[in-house]
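Enquirer: First the structure, then my questions, so here it is.
The values are calculated or read from the model by the stated rules, or taken from the named source; none is laboratory data. Being a predicted model, the structure only gives us computed values, none of them experimental. Neighbour counts are summed over all protein chains in view; Cβ atoms, including those assigned to glycine, are modelled from backbone coordinates with ideal geometry.
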Amino acid sequence: MIETELNGQFPPDFVARERVNLSQLWQGKSGRSLPPKPKARIADARPLQAEAVSEHDFLEAHGFVLLDAPTRMSDWDDEGQIAQLYLPEVEALIHERLYPGRKLIVMQAPRIVRRGAGTANPHYGKGVHQDHGTSAEEYQHNLQAFASPEIAAQWRARFEQDDVQGFMVLDFWRTTGMAGPLKHMPLALCDPASVDIADIVPTALDGIAPGGATTHHIGLRHNPRQRWFYYPEMTADEVLVFKLFQLMRSEDPQPYRGCFHSAVEDPATPPDAQPRQSCEHRVSVMLLKD
């Protein structure tokens, strides 16, 4: 159990009459004050997962799951090696362990995002956030901002075909270049089953997409009923899989299934702990009807 501050959550009484532009908020241009930093208890997810019937069932119940998954990767900056080795490993995990027997279309690009010392992103995501919105319109908007209008339109057309049951984005998160188990800045995840839809705040960011387009995301009001988890001392042979986004075409309204997440300070981290180095790989999955 970790008891620590969670950055970036909105206060419980926060009222958003329009989408909150986080870029303007951080720069003091929105007329609002920065959110407080509530204390939260972040529970060890390993005992909880040990009681699960299967990895699939645990992922569906909680939005995240830890897999024992050694990798043959040796150079996380080599896109050729990622394409040759890591993408097939990830696809096998999805088909054989996460969604065995399901008809799927798995879409991957040979790119990962690395964080920590010695990477292009030395800073950690130390604030509660979610990378996507909650609707097909928001996902299409961001896909257009990061890719192109044509790719966004192609995704929407495929999603709306009769053989599609749903769509999701999975994040495969693991340590890289670590000499031992992770003790510094673990990743905390909020169980989506504990998130009240009313506590989700539509947000926006400027400038993170090519060309500077504004992208749509969501933030979270603090609620003491929210349940936070982490996996202590993750090793190089483990990968944490969590849902960033999910839509099911037959459901209206849509239940929320994504994981708000944040890097957090562990007060028990030894002073000489190796600084965290990690990578994440985002995978799109089209769920097809049987």
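Enquirer: So which residues in segment 49-89 are among the charged types (D, E, K, R), surrounded by 12 or more Cβ atoms within 10 Å (Cβ to Cβ) and within 29 Å of Y256 (Cα to Cα), if there are any at all? First the steps, then the outcome.
Expert: In the first step, residues of segment 49-89 are kept if they are among the charged types (D, E, K, R); the result is 51, 55, 57, 60, 68, 72, 75, 77-79, 89.
Narrowing further to those that are surrounded by 12 or more Cβ atoms within 10 Å (Cβ to Cβ): 55, 60, 77-79, 89.
Scanning segment 49-89 gives E55, E60, E89.
Enquirer: Oh, and also: Cβ-Cβ distance below 7 Å, separation of 6 or more or different chains: which pairs start in segment 122-149 with a residue that is in contact (Cβ under 8 Å) with a residue 40 or more places away in the chain and farther than 20 Å from P210 by Cα and end on one that is surrounded by fewer than 17 Cβ atoms within 10 Å (Cβ to Cβ) and basic (K, R)?
Expert: So the pair list comes out as A136/R156.
Enquirer: Okay, moving on. Kindly list, by first and then second residue, each pair from a residue in segment 231-258 that is hydroxyl-bearing (S, T, Y) to a residue that is assigned to a strand (DSSP E or B), limited to pairs with Cβ atoms under 6 Å and residues at least 6 apart or on different chains.
Expert: Listed pairs, sorted by first residue: Y231/L66.
Enquirer: Is it the case that segment 123-137 has a residue that's part of a strand (DSSP E or B), modelled with pLDDT of 95 or more and either of a type in the set (A, V, I, L, M) or touching a Gly at 6+ places or on another chain (Cβ under 8 Å) (or both)? So that I can check it myself, show each step before the final result.
Expert: Quick first cut of segment 123-137, residues part of a strand (DSSP E or B) only: 129-130.
Applying the additional criterion that residues be modelled with pLDDT of 95 or more yields none.
Taking every residue of segment 123-137 in turn, none turns out to be part of a strand (DSSP E or B), modelled with pLDDT of 95 or more and either of a type in the set (A, V, I, L, M) or touching a Gly at 6+ places or on another chain (Cβ under 8 Å) (or both).
Enquirer: I would also like to ask the following. Can you tell me which residue within segment 1-51, out of those that are within 14 Å of P202 (Cα to Cα) and basic (K, R), is modelled with the highest pLDDT?
Expert: In this case the residue turns out to be R19.
Enquirer: Would you pick out the residues in segment 236-290 that are over 30 Å from H184 (Cβ atoms), in contact with an Asp or Glu (Cβ under 7 Å, 6 or more places away or on another chain) and not hydrophobic (A, V, I, L, M, F, W, C)?
Expert: K289
Enquirer: Regarding segment 265-276, can at least one residue be identified that is out of contact with any helix residue (DSSP H, G or I) (no Cβ under 8 Å at 6 or more places or on another chain), modelled with pLDDT under 95 and within 23 Å of H216 (Cα to Cα)?
Expert: For segment 265-276, residues out of contact with any helix residue (DSSP H, G or I) (no Cβ under 8 Å at 6 or more places or on another chain), modelled with pLDDT under 95 and within 23 Å of H216 (Cα to Cα): absent.
Enquirer: What is the one condition in (1) more than 28 Å from M185 (Cβ to Cβ); (2) surrounded by 13 or more Cβ atoms within 10 Å (Cβ to Cβ); (3) among the aliphatic types (A, V, I, L, M) that A157 does not satisfy?
Expert: (2)
Enquirer: For segment 65-80, name all the residues that are polar (S, T, N, Q) and touching a strand residue (DSSP E or B) at 6+ places or on another chain (Cβ under 9 Å). Write out each step before concluding.
Expert: Filtering segment 65-80 down to residues polar (S, T, N, Q) leaves 71, 74.
Hit for segment 65-80 is T71, nothing else.
Enquirer: Still on this model: Which one is surrounded by the most Cβ atoms within 10 Å (Cβ to Cβ), of the residues in segment 221-242 that are in contact with a Cys (Cβ under 7 Å, 6 or more places away or on another chain) and part of a strand (DSSP E or B)?
Expert: Only one residue fits best here, namely F242.
Enquirer: Let me ask something else about it. Between Q165, Q81, which is modelled with pLDDT of 95 or more, among the polar types (S, T, N, Q) and not in a helix (DSSP H, G or I)?
Expert: Criteria check complete, one pass: Q165.
Enquirer: Which pairs turn up if I take residues in segment 267-283 that are assigned to a loop (DSSP other than H, G, I, E, B) and look for partners that are modelled with pLDDT under 95 and hydroxyl-bearing (S, T, Y) with beta carbon separation below 8 Å, at least 6 apart in sequence or on another chain?
Expert: P267/T4; R276/Y124
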